[in-house]
1. So, taking all protein chains as they sit and a 1.4 Å probe, how much accessible area belongs to Lys232, in Å² rounded to tens?
2. Based on the Cβ-Cβ distance from Tyr189 to Arg25, what FRET efficiency comes out when R0 is 35 Å, to the nearest 0.05?
3. Rule-of-thumb check for segment 184-223: C-alpha Rg over 2.2 N^0.38 Å?
4. What does segment 47-142 give for Rg and for Dmax, in Å, if only its C-alpha atoms count?
5. Could you tell me how far the Cα centroid of segment 31-46 sits from the Cα centroid of segment 75-154, in Å?
6. For Tyr159, what charge total do you get from the other residues with a beta carbon under 9 Å from its beta carbon, if Lys and Arg give +1 and Asp and Glu give -1?
7. Write down Rg/Rh for segment 126-242, rounded to two decimals, with Rg from the C-alpha atoms and Rh from the Kirkwood relation over Cα pairs.
8. Roughly how big is the chain's charge dipole about its Cα centre, with Cβ charges of +1 (Lys, Arg) and -1 (Asp, Glu), in debye to the nearest 20?
Amino acid sequence: MPETTLQAPSPGPLTSFTEDEILFRDNIRQFADEKLRPLVKEMDEKGVFDKDLIHQFFQLGLMGIEIPEQYGGGGGRFFEAILAVEEMSRVDASAGVIVDVQNTLVINALVRWASEEQKKRYLPRMATNTCGAYALSEAGSGSDAFALQTKATLKGSDYVLNGRKLWITNAKEAGLFILFATVDPAAGYKGITAFLIEKDFPGFTVGKKEDKLGIRASSTCELILEDCRVPKDNVLGDVGNS
């Protein structure tokens with residue numbers, strides 16, 4: 001009898017786009033090709049991201065994709081944020097980084113862990129005119145996040161923060177930072193706490209921008225905290241549970 005070879009069916013796609021997702025993707029692709037692409041070379045050479053372009057990101061809804069509509073955002077899903085990052089990165093990785101940090105790190109954290117008062121205060125700004133940054137890394141605690149040395153001490157109604165952060169993406173453009181410090185170094189990871197820090201808080205400074213070999217228009221900077229006062233109400237989530 002002739003041997004019979006069983007042919008396994010070809011696997012289907014893991015994701016099939018909906019019509020709305022295709023329209024969303026194509027609109028961003030057109031914007032990236034028409035508005036972003038002509039500026040990429042100059043931004044990379046200067047190492048500076050065009051401010052007007054960021055303003056257009058907000059107008060297009062790219063900077064508040066997952067923010068619920070009640071706070072002025074798009075009410076979209078994480079998958080749509082990924083589509084936006086892919087389409088922007090297809091033309092310029094620096095643009096992809098700005099959109100990525102804004103949506104998948106900063107806004108994602110606010111939506112998940114911010115109090116209702118914090119959401120009302122910050123999410124409308126994140127949807128319209130404020131870039132965000134996520135400040136975890138330090139000189140001795142890049143991959144080892146639990147080794148961070150930035151200290152937060154409670155004094156009255158404020159926490160006073162001292163320390164330095166390194167390699168913070170979006171730092172030059174950001175108006176709001178999710179910054180990690182420890183309230184008790186002896187407690188290890190149980191002392192690590194996230195704080196919402198506005199750029200103009202006393203004692204907070206954005207340091208020099210790193211001169212990188214690639215993705216140059218995306219800012220990467222040092223943050224300096226010298227007796228930076230942060231209201232207790234600006235703790236994101238629970239103290240010691242970040």
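1. Number for this one is 100 Å².
2. 0.35
3. Computed over Cα atoms of segment 184-223, the ratio equals 1.66.
4. When restricted to the Cα atoms of segment 47-142, Rg and Dmax are 13.4, 41 Å.
5. If you average the Cα positions of each part, the centres end up 23 Å apart.
6. +2
7. 0.96
8. 720
The values are calculated or read from the model by the stated rules, or taken from the named source; none is laboratory data. Keep in mind it's a predicted model, so treat the numbers as computed, not measured. Reconstructed Cβ throughout: ideal geometry from the backbone, glycine too, with neighbour counts over all protein chains shown. All accessible areas refer to the heavy atoms of the entire protein, side chains included, with ligands and DNA or RNA removed. Shrake-Rupley method; radii C 1.70, N 1.55, O 1.52, S 1.80 Å.
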